[in-house]
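Derivation of every value follows stated rules applied to the coordinates shown; laboratory data play no part. Computed from a predicted structure; not experimentally measured. Backbone-built Cβ (ideal geometry, glycine too); neighbour counts: all protein chains shown.
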Amino acid sequence: MINKIFPCAEAALTDVHDGATVMIGGFGTAGLPSELIDALIARGSRELTIVNNNAGNGQTGLAALLAAGRVRKIVCSFPRQADSHHFDALYRAGRIELELVPQGNLAERIRAAGAGIGGFFTPTGYGTDLARGKETREIEGRMYVLEAPIHADFALIKAERGDRWGNLTYRMTARNFGPIMAMAAKVTVATVHDVVDLGGLDPEAVVTPGLFVQRVVAVARTATSAGGFRHAA
Amino acid sequence: MKTRPWTRDEVAQRVARDIHDGAIVNLGIGLPTLVANHIPAGREVILHSENGVIGVGPSPAPGAEDHDLINAGKQPVTLLPGGAFFHHADSFAMMRGGHLDICVLGAFQVSATGDLANWHTGAADAIPAVGGAMDLAIGAKKTYVMMEHSTKGGQSKIVRACSYPLTAMACVRRIYTDLAVIEVTPTGLQLIDKVDGLALDELQRLTDAPLRA
C-alpha cells in the first residue's frame, strides 16, 4: 500500500543532510510552510542552499532559519523587505551568498528542472547585470539569455488538502511556487490542512498529482492566518 | 497661470484614461497600484498580480482580510467573480508570453530610448532585490512608467542614458510624470500632454533628453 502520510513535520525531515539544496514554497508568508521550516531548524541541518522567492520576514520561519546560521546560500528574487533584518545583517557581514534571480526566471528554472529541461532561452534580464557572463542568442530578431534549471534535494511546500497518494490542492495565492517546486525536488514534503481519503479530491481539481509528492504532513490551520481564514468548502 | 504639478492621483487618473476596455493589466508595487482606483466607469479591466492571481478586486473591508489572498505587494486583496489562481511559472508565462496588454511600473530612470532602471541604485551598501520587474518590463505588450519627473534633489529622471543598473532595454512605451505624458518613439521622446501653464522650454529644461512637441 502506498501511504505518504507522515505523523509530524519532524518525522518527514529526518534525512535532510548538511549541504542540501532545499526549496521552500511561499511568497512572503502566503504558502510558506512554517511548520516544516520549524522542523528543519530543529533537525539542525547546516550549510543549506535555500531556494525561496524571498529571504525571510520578521523573526519566524525562513528568517529564523537564517538567524540560526544554517544557510550558506540563498537563491531568491526579492530578499530586501521592510522586515528582512536577519538576511540584511548576514548579507552585509558577508556571511551568506546571494544568487539574485528575476522572479520569472526563478519560476521557470524550477519548472525546467521538474520537467527535465536542460536550460532555456529567456528574454528576461537581457542586457542587465543579472545576465552578465551568460550565453545569449538572437532568435527571430530578439535577444535571449540562456538559463539553467534549478534542482533540489528537498522541496518544502504548503498545500491545502491532500491524500495518501500525495495528490494536492492549494488555497488562493498560497499556491504560488508549490506546484513547480514539488516537481523539481527529489523529495517533496507538503503540509496540508486536511487529509482526505483517496477519491476525496475532485480529480478535475487536483493541482499537483501525487507522483510529484513523497511526504504529506497534516498541520493545524493557523500558519499564515491573520484572522481571515474560512474553512475550505 | 501658475504651474501646479499633477498629484499622484491625477497621474494615476491620466494613466487609467489610456487603459482600454477589456485590457489585462499588471500594476507594479507602489505608485502604480493607485491606477486601480481610477479606471473609468464602464470599462472592464482585468488585473493580474504576479503571485498567481488574475481578476484582482479592491482591498477587503477591515477584518475580512485573508492572508492567503494577497497581491505582489503582499497586501490583502479580494477576488472578483471570474477571477482565477495559478502557479508562479504560469503567472510569468502570462507576462513573458505576451499575454498581458499593459503593465505600469515605477522607475528610478527612463532613457530616451526606453531603457528602464527601477530595481537597484547600484549603491555599495544597497541590498539588491529585483522581484518580477525584469520579467514584467519585457513581457507586457505595452510597458508604461509612472514616476515623479525629477528626483527629490531636482535631477531629471528622464535621461539620455540610465546611470543606474538596467531593468530592461528599450522596453518603455510611455512615461507618465507629475508634469507630462511622454511617448517613447523610435525617433525620440514625443510629448503627448503636459500640466497646464508649463511652457515647453521650461519642461525641456527639467528633462535631460530632447523632447519633441
Check your understanding: All other residues with a Cβ under 11 Å from the Cβ of A:Arg46 taken together, and with Lys, Arg as +1 and Asp, Glu as -1, what is their net charge?
Key -> +1
Review point. Once Lys and Arg get +1 and Asp and Glu get -1 on their Cβ, which of B:Ala199, B:Ala41, B:Val181 lies farthest toward the positive end of the dipole of segment B:8-212?
Key: B:Ala199
Study note, to complete from the structure: Taking every other residue with Cβ under 11 Å from the Cβ of B:Gln204 and scoring Lys and Arg +1, Asp and Glu -1, one gets 0
**Study point:** Highest-MSF residue in chain A out of A:Asp163, A:Asp18, A:Asp202 [GNM, Cα springs under 10 Å]
**Key:** A:Asp202
Revision key, fill the gap. The set of residues whose placed amide H lies less than 5 Å from the amide H of B:Lys142, leaving out same-chain residues fewer than 5 positions away, is B:Ile102, B:Cys103
Revision key, fill the gap. The set of residues whose placed amide H lies less than 5 Å from the amide H of A:Thr21, leaving out same-chain residues fewer than 5 positions away, is A:Thr49, A:Asp153, A:Phe154
Practice item. Sum -39500 (n - 2.57) across every DSSP H segment of at least 4 residues in chain B, then divide by the residue count to get the 222 nm mean residue ellipticity, nearest 500. Key: -4000 deg cm²/dmol
Check your understanding: Extension gain A:Val196-A:Arg137, at 0.36 nm per residue separation less the Cα-Cα distance, in nm?
Key -> 16.4 nm
Check your understanding: If you project the alpha carbons of segment A:38-96 onto their three principal axes, what span does each projection cover, largest first, in Å?
Key -> 28, 21, 19
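Excluding A:Thr14 itself, what net charge comes from residues whose Cβ is under 13 Å from its Cβ, given Lys and Arg +1 and Asp and Glu -1?
Numbers: positive: A:Arg43, A:Arg215; negative: A:Glu10, A:Asp15.
My count for the surroundings of A:Thr14 gives 0.
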Exercise for review: Positive end of the charge dipole of the protein assembly as shown (Lys, Arg +1 and Asp, Glu -1 on Cβ, about the Cα centre): tell me which of B:Gly55, B:Thr143, B:Ala124 has its Cα farthest that way.
Suggested key: B:Ala124
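Only bridges with both residues in segment B:8-212 count here: give the DSSP antiparallel percent, nearest 5.
Values: 20 of 39 bridges.
Antiparallel: roughly 50 percent of the beta bridges in segment B:8-212.
Rounded to two decimals, what is Rg over Rh for segment B:32-81 when you use alpha-carbon atoms and the Kirkwood radius? Could the numbers behind the result be given before it?
Values: Rg = 10.9 Å, Rh = 11.5 Å.
In segment B:32-81, Rg relative to Rh is 0.95.
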Revision key, fill the gap. Relative to the compact-globule estimate 2.2 N^0.38 Å (N residues), the Cα gyration radius of segment A:102-178 stands at a ratio of 1.39
Practice item. Can you put B:Ile102, A:Ile117, A:Ile5 in order of Cβ neighbours within 10 angstrom, beginning with the fewest? Key: A:Ile117, A:Ile5, B:Ile102
Practice item. Starting from segment A:19-106, pick out the trypsin sites (Lys or Arg not before Pro) whose DSSP state is loop and whose Cβ has at most 16 other Cβ atoms within 10 Å. Key: A:Arg46, A:Arg95
Review point. What Rg and what Dmax come out for segment B:139-213 when only alpha-carbon atoms are used, in angstroms?
Key: 12.1, 36
Point to revise | Percentage relative contact order, chain B, counting C-alpha pairs under 8 Å, at least six apart | key: 20 percent
Practice item. Just name one of A:Leu90, A:Val101, A:Ala112: the one whose Cα is farthest towards the positive end of the charge dipole of segment A:72-129 (beta-carbon charges, Lys/Arg +1, Asp/Glu -1). Key: A:Leu90
**Study point:** Cα-based equivalent ellipsoid of the protein assembly as shown: semi-axis lengths in Å, sorted from largest, via gyration tensor
**Key:** 40, 24, 20
**Study point:** Orientation-averaged projected area, Cα convex hull of segment B:8-212 (nm²)
**Key:** 12.6 nm²
